[in-house]
Each structure stands twice: as C-alpha cells, then as structure tokens.
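Participant: After the structure tokens below, expect a handful of questions from me.
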Amino acid sequence: MLIVRWLSATALIGFVAVVAFAQTTQRTTQRLLKAGTLIKVDGTLLVIQPSWRPPDAPPIAVETDQQARVILDNERSALDKLQGGMDITARREAPTDQEPKPPLIIHAWSPSSTGLISKVDGGAIHLRKAPSGTGPVSPVVQADKDTRIIRIASFVGATWDEGGPMKLDELKPNMLVKAMPPKGVASRIFVWPARVPPQATTAPTKCR
C-alpha cells in the first residue's frame, strides 16, 4: 500500500452533517486549508460543507484542475473516485519562486468511526471523542486477524515517521484512529500518533 509521506495529523478534519447543495454555494480560490464534508463533485468543483462554519451555513466550492492530486484513504486516487459524505481537505500552498503554481492537494477519507483510543481490550478498541469533539460512530471498534492496521506518515515531535503496518498490540491510548467500515469488524484502521503536549520550560529570570 502506498503510504503518502506528506499526510500528517494536521490534515485531520472536523465532521459535520451533509446539507443539500443550493444556489448560494460560495466559490473560493484562497490558498488556504479547506476542510469539511464533501457534498458532491460538480464538474471541476468540490462542493464542501465546511467544518469551521455552522451546519446551516452555505457550502463552498473549491476549483480543481488537471494538476490536482487526490489522496483517498491514504492512496493516490482520482477525482471521479470521490463521493458525497467523505471527509475531505483541499489545500494549496502559497506560491514560491521554486513552485509558482503549487498543485491543489486533496485528501479524502471514506466513512469511518473516528476517535481517540481510550483502551484496547483484546480485539476491542474503545474510542472516545476526536479532537474535533465529534463522537465515533462505533465507540468500540472490533478488529480481527484480517484487519489491516496502518500507521500514517507524520511528524512525531521533530522527527518524521514514515508510517507503515502496525500490530494490534502496538495501539496505545490517545492515538487517533479511523476504522473502516464505521460499523462491524474493521477491515482497515488508520492510526495517527498520540499528541504529546509541549514540555514546560523554565526561562531564566532577567535581573534588573
């Protein structure tokens, strides 16, 4: 399985209810992170219900092009593979002299039960709310010998972790997981490392 190196925990997104696409859809061309729930792909537009706005706010439309890169469930994919209801982020970095026209990077995830691990009891993985405050679809995820567990490539502190396969006994509390499908025995579980709070430092007091 192709592990995407530049996928990181910062790409994690909130989860909101899908609303109907209306004529009030707002188009955006800002080079900022856009995150939310995909309503549909409308031609070259991603119609997204943004996670940073109230659920009744109008959706936004993000323009795509042939240079856009699509990552679906941690693998390279294509725009026509995206479906309504997926969690999605669309990001374009600011232009630089080396890359004057940065490509749009689209990360999408199939429906899942997402949350922070509270404990692992045999093949039962108990979840609590994700950092977004959203509760998992299934508070207890079941895994068996056929469940594939994949650690997502990301920064752990100042160190880059390439990611890769994991074992069930390597799962620890406070790791963020996405279990697919959202109910029943999971066929795939994607894992992000537990967030470690910054260590307090004591700065010397200036003498006056």
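Participant: Which one is modelled with the lowest pLDDT among residues in the stretch 121-135 that are part of a loop (DSSP other than H, G, I, E, B) and within 28 Å of Ser51 (Cα to Cα)?
Facilitator: Restricting to residues being part of a loop (DSSP other than H, G, I, E, B) and within 28 Å of Ser51 (Cα to Cα), the top hit is Ser132.
Participant: Inside the stretch 38-95, counting only strands (runs of 3 or more DSSP E) that do not spill past its ends, which hold 3 or more residues that are surrounded by 15 or more Cβ atoms within 10 Å (Cβ to Cβ)?
Facilitator: In the stretch 38-95, 45-50, 60-63, 69-72, 87-91 are the strands (runs of 3 or more DSSP E) which contain 3 or more residues that are surrounded by 15 or more Cβ atoms within 10 Å (Cβ to Cβ).
Participant: Which of the strands (runs of 3 or more DSSP E) contained wholly in the stretch 136-191 include at least 1 residues that are at pLDDT 95 or above and of a type outside the set (Lys, Arg)?
Facilitator: The qualifying strands (runs of 3 or more DSSP E) are 140-142, 148-151, 176-180.
Participant: What pairs come up if the first residue lies in the stretch 158-183 and is acidic (Asp, Glu), the second is at pLDDT below 95 and not in a loop (DSSP other than H, G, I, E, B), and their beta carbons are under 7 Å apart, counting only those six or more places apart or on different chains?
Facilitator: Asp161/Ser154
The values are calculated or read from the model by the stated rules, or taken from the named source; none is laboratory data. It should be emphasised that the depicted structure is a prediction, and the values quoted were computed from it without experimental measurement. Counting neighbours? That spans all protein chains shown, and the Cβs are built from the backbone with ideal geometry, glycine included.
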